[in-house]
Amino acid sequence: MGFGAAPLGNLFARVSDEVALETVSAAWDAGIRYFDTAPFYGAGLSETRLGRALARYSRDAFVLSTKVGRLLIPDASVPEVHNGFVGGLPFRVEYDYSGDGARRSLEASLKRLGTDRIDIVYIHDVAQDTHGDDWLRQYRIAVDGAMKVLSQWRDEGVIGAWGLGVNRVEPCLKTLDDADPDIFLLAGRYTLLDTGALDALIPACEARGVQLVIGGPYNSGLLAGGNTFEYAQAPVSMLDKRARLLALCEPFGVDLKAAALQFCKAPRPVACVIAGARTPDEVRQNCVAMAAPVPRELWAALKSEGLIPAHASEPG
């Protein structure tokens, strides 16, 4: 398990400084040692809070990742709710996937996080869901800019690894062709509701020795009891699929959250699964779910009913 720090940036709702600190502490106490954040999360608020919380621990005891591709520009006029974050810091966001943009972004992140190094750097949201028809142009800027700089930094030992942090499979596949990434943070594309990464990306990563961090294991809440999918009201088809998943989990006495988390970790290239948490209780619930016993017969039942592909990896 890893810790996704978007909620520390007040994603959709405010989190107090005290609760943010307690939540990171709960993650540490539960044995979590990988923490992921980004400048985008609350316009620097998540990085600032995470840095303060982790300052109590030895820097060599945990892995830290953040992202480049967006620059934060001071702007006191930004609204209270901005890009889905409530009461973030007073910065507006500008996209910049160039090499210089990556340098400026990482320098600012190091200051907000209060650390001297970042272990993993992801190029953030260089994909169609963020940029629409302009995504390929933005991607080419990243190939010629941020990707080259991050490769150089990795080779020089400035960072440990780099990749993309995205919600789509296509830019990951293109990056495998165009560069030499180490790892991808892929959100929402390998879950009980969406196995879009299964047929092309997972085997490609395994062949290249590229690792995967799976984010969004609950598809923004639907698999954890909410009614959102992809950060919007879930369509009827997804609500129906969740109902079928719940109906199959019940006879085995398995919490759907446990099945959701453990399914994500099964493929060989997956190094970690990160789920966002905004309270200590949510952290602890996630860790319990990841460790809960799930009988192999459940996976067979899910395959028999066509809810997951027959060739999907099974945990254990």
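The values are calculated or read from the model by the stated rules, or taken from the named source; none is laboratory data. These numbers were taken from a predicted model, which means no experiment stands behind them. All Cβ positions, even for glycine, are placed from backbone atoms using ideal geometry, and neighbour counts span all protein chains on display.
So here's what we get for this one:
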quantity	calculated
Filter pass, Pro251 being loosely packed, with under 15 Cβ neighbours inside 10 Å, modelled with pLDDT of 95 or more and not in a helix (DSSP H, G or I)	no
Segment 282-316, residues that are of a type in the set (D, E, K, R) and without any contact (Cβ under 8 Å) to a residue 40 or more places away in the chain	Arg296, Lys303
Out of Arg49, Arg59, sole residue that is surrounded by fewer than 24 Cβ atoms within 10 Å (Cβ to Cβ) and over 22 Å from Leu164 (Cα atoms)	Arg59
Residue that is nearest to Ile123 (Cα to Cα) [pool: residues in segment 28-41 that are surrounded by fewer than 24 Cβ atoms within 10 Å (Cβ to Cβ) and aliphatic (A, V, I, L, M)]	Ile32
Odd one out for Val68, checked against (1) of a type in the set (A, V, I, L, M); (2) within 27 Å of Ala271 (Cα to Cα); (3) in contact with a Lys or Arg (Cβ under 8 Å, 6 or more places away or on another chain)	(3)
Meets criteria (surrounded by fewer than 17 Cβ atoms within 10 Å (Cβ to Cβ), acidic (Asp, Glu) and out of contact with any strand residue (DSSP E or B) (no Cβ under 7 Å at 6 or more places or on another chain)) for Glu230	no
Pick from segment 270-286, criterion surrounded by fewer than 21 Cβ atoms within 10 Å (Cβ to Cβ) and assigned to a loop (DSSP other than H, G, I, E, B), ranking: farthest from the chain's Cα centre (by Cα)	Thr279
Enumeration of residues in segment 3-15 that are at negative phi and out of contact with any helix residue (DSSP H, G or I) (no Cβ under 9 Å at 6 or more places or on another chain)	Gly4, Arg14
Options Glu107, Glu94; residue that is exposed (fewer than 13 other Cβ atoms within 10 Å of the Cβ) and part of a helix (DSSP H, G or I)	Glu107
Test for Phe35: is it closer than 25 Å to Ala260 by Cβ, assigned to a strand (DSSP E or B), touching a strand residue (DSSP E or B) at 6+ places or on another chain (Cβ under 9 Å) and free of Cβ contacts under 8 Å to residues at least 40 places away in the same chain	yes
Single residue of segment 134-148 satisfying the filter (within 22 Å of the chain's Cα centre (by Cα) and hydrophobic (A, V, I, L, M, F, W, C)) that is nearest to Asp178 (Cα to Cα)	Val143
Close pairs from segment 78-92: first farther than 12 Å from Leu8 by Cα and of a type in the set (Phe, Trp, Tyr), partner part of a strand (DSSP E or B) and at pLDDT 95 or above, Cβ under 9 Å, at least 6 apart	Phe91/Leu71; Phe91/Leu72; Phe91/Ile73; Phe91/Pro74
